[in-house]
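To start, the structure itself, in structure tokens.
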Amino acid sequence: MQSFVKGNTPENSPFKTSDSPKSYTVRQTCSFCDSANVFPVMDFGHVALAGGFLRQDQFEAEEKFPLRLSFCANCFAVQIMDVVPAETLFKNYFYFSSAIGTLREHFEDYATEVVSRFLPEPAKSTVVEIGCNDGILLRPFADQEVGKLIGVDPATNVVNTINDTRITVVNDFFSEQTAEDIKQTHGEADLIVANNVFAHIPEINDLTSGIEKLLGQDGIFIFEVHYLGKVLHGLQYDMVYHEHLYYYSLLALSNHFKRFGMLVFDVKAIPIHAGSMRYYVCKKDSKHASQVSSRVEKLKQAELAAGLNKAETYAKFAQSVDSRRDSLLDLLEKIKAKGKSIGGYGASGRANTIIQYTGITDRHVDYVIDDAPAKQGFYTPGSHLLIRDNSVLTSEPPDYLLNFAWGYLSEIAEKCRPYFDNGGRMILPLPDVRVLFHPNETEI
């Protein structure tokens, strides 16, 4: 992998290419503010799509795309410049949120909190979710007796699993036009939610315009997204893949929403996905605009102190990430040199970034375990590792288990307790490469 540091200017940026295949687009300017003052941060090379799980007969036709991370010095947005069409990424999706117990509990608590805080008359309220997946959040809203629930998601195979008459599904991408259609049919929204999808949609300005138009005067837009500060602090390079086009700081978001007459009036740090942030957004003349939490200013000052508005911060991040790659690959090669077996756990997008960025192949990892039945029997993109169910930990347990889903360590460690009790060991790739010989007990 090549890391770009401060000193690359828009004029000599390697992002500016003219020979891009038609299957993806290379942005020339910032997705948010259209500035050309964009600095490259990291180049992951040409990689297969992180969610592009495949069968053996699809190996030969598999496409790979450039993956490069950049920083806009004008509005402070961190983004991917190589944009793969959303239809390619999401029309046949393999991510089912309800397969993860931690997420189910998280969204049940989320719905309870949001309804009690912002929807005094749930039965008269309208809630729209952008990227509703398999209904993991809308069901708890329905249990809170919210009157009208609308889920928008383009992944037909995923939304077809929502068998709940309390939920209206719009099987499409959310856009300004979609928002207009929903408004015409169902009226204005009291609440719009988007969880880990506000970073996924290429036309971010069209998306935000749609949200602003669909919201009622005192409506609220709440979204959760992986927090850029956590990405940098924890060296979470595994968050970088084509689905995740944007990596948000409050500084960048404040600049973005201001252009649409909106503002962030509250924030809440949450532990899900190894460090996320929940943002509460309203129109600038909403009743909520006069109730801006002190947490907002506190977070802004923390981001300025951490240099999230400076290109050199991201250059240092790229350099530190390189060392994690080298440490992990060195450990795996030493283990395999001793004739030991290694299995992976968690065939997620994050796993595929680690695998492809590090250069892991079947010489290092024998297979990957995933709890989602939809992925089992498929192979990981790029590396082509077979995905198996976790019964393999009993039938033919590996000597070591590389936990790609390290952010869910407690949940996975509990599922794998018999494996640990029988002498199995777990490798954690981040934030530091280490080996556990029992949950929370470090070997090296």
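The values are calculated or read from the model by the stated rules, or taken from the named source; none is laboratory data. Note that this is a predicted model, so its numbers are computed, not measured. Every residue, glycine among them, receives a Cβ derived from its backbone with ideal geometry; neighbour counts consider all protein chains shown. Note: accessible area is taken over every heavy atom of the protein model, side chains too, but ligands, DNA and RNA are not part of it. Shrake-Rupley method; radii C 1.70, N 1.55, O 1.52, S 1.80 Å.
Examine region 367-374 for a residue that is surrounded by fewer than 21 Cβ atoms within 10 Å (Cβ to Cβ), in a loop (DSSP other than H, G, I, E, B) and over 26 Å from the mean Cα position of the chain (by Cα), and state whether such a residue exists.
Residues of region 367-374 that are surrounded by fewer than 21 Cβ atoms within 10 Å (Cβ to Cβ), as a first pass: 367, 371-374.
Still in the running and in a loop (DSSP other than H, G, I, E, B): 371-374.
Right, trim to over 26 Å from the mean Cα position of the chain (by Cα) and you get none.
Among the residues of region 367-374, not one is surrounded by fewer than 21 Cβ atoms within 10 Å (Cβ to Cβ), in a loop (DSSP other than H, G, I, E, B) and over 26 Å from the mean Cα position of the chain (by Cα), which makes the answer no.
Is there any pair linking a residue in region 126-139 that is within 11 Å of Val152 (Cβ to Cβ) to one that is at pLDDT below 85, with Cβ under 6 Å and at least six apart or on different chains, and which?
Within 6 Å, the pairs are Asn133/Ser97; Asn133/Val158.
Select from region 119-149 the residues that are assigned to a loop (DSSP other than H, G, I, E, B), within 17 Å of Val170 (Cα to Cα) and among the β-branched types (Val, Ile, Thr) and list them in ascending order.
Scanning region 119-149 gives a single hit, Ile136.
Could you list all residues from region 307-326 that are out of contact with any Phe, Trp or Tyr (no Cβ under 8 Å at 6 or more places or on another chain) and either outside any helix (DSSP H, G or I) or open to solvent by 60 Å² or more (accessible area, probe 1.4 Å) (or both)?
Correct list: Gly307, Lys310, Glu312, Lys316, Gln319, Asp326.
List the number of the failed condition for Glu224; all other conditions in (1) farther than 19 Å from Tyr110 by Cβ; (2) crowded, with 19+ Cβ neighbours inside 10 Å hold.
If we test Glu224 against (1) farther than 19 Å from Tyr110 by Cβ; (2) crowded, with 19+ Cβ neighbours inside 10 Å, just (1) comes out false.
Kindly provide the set of residues from region 225-267 that are over 27 Å from Pro66 (Cα atoms) and among the charged types (D, E, K, R), ordered by number.
Selection gives Lys258, Arg259, Asp266.
Quick one: how many residues across region 380-395 are within 13 Å of Gly344 (Cβ to Cβ), open to solvent by 40 Å² or more (accessible area, probe 1.4 Å) and not in a loop (DSSP other than H, G, I, E, B)?
Looking only at that region, the number is 2.
Which condition number does Glu303 fail, the rest of (1) out of contact with any strand residue (DSSP E or B) (no Cβ under 6 Å at 6 or more places or on another chain); (2) loosely packed, with under 13 Cβ neighbours inside 10 Å being met?
Condition (2) is where Glu303 drops out.
Inspect all residues belonging to region 266-286 and state whether any of them is in contact with a Phe, Trp or Tyr (Cβ under 8 Å, 6 or more places away or on another chain), in a helix (DSSP H, G or I) and under 23 Å from Gln301 (Cα atoms).
The answer is yes; a qualifying residue exists.
For Arg417, are the conditions met, namely being free of Cβ contacts under 8 Å to residues at least 12 places away in the same chain and open to solvent by 30 Å² or more (accessible area, probe 1.4 Å)?
Numbers: free of Cβ contacts under 8 Å to residues at least 12 places away in the same chain: no; open to solvent by 30 Å² or more (accessible area, probe 1.4 Å): yes.
Taking the combined requirement at face value, the residue does not satisfy it.
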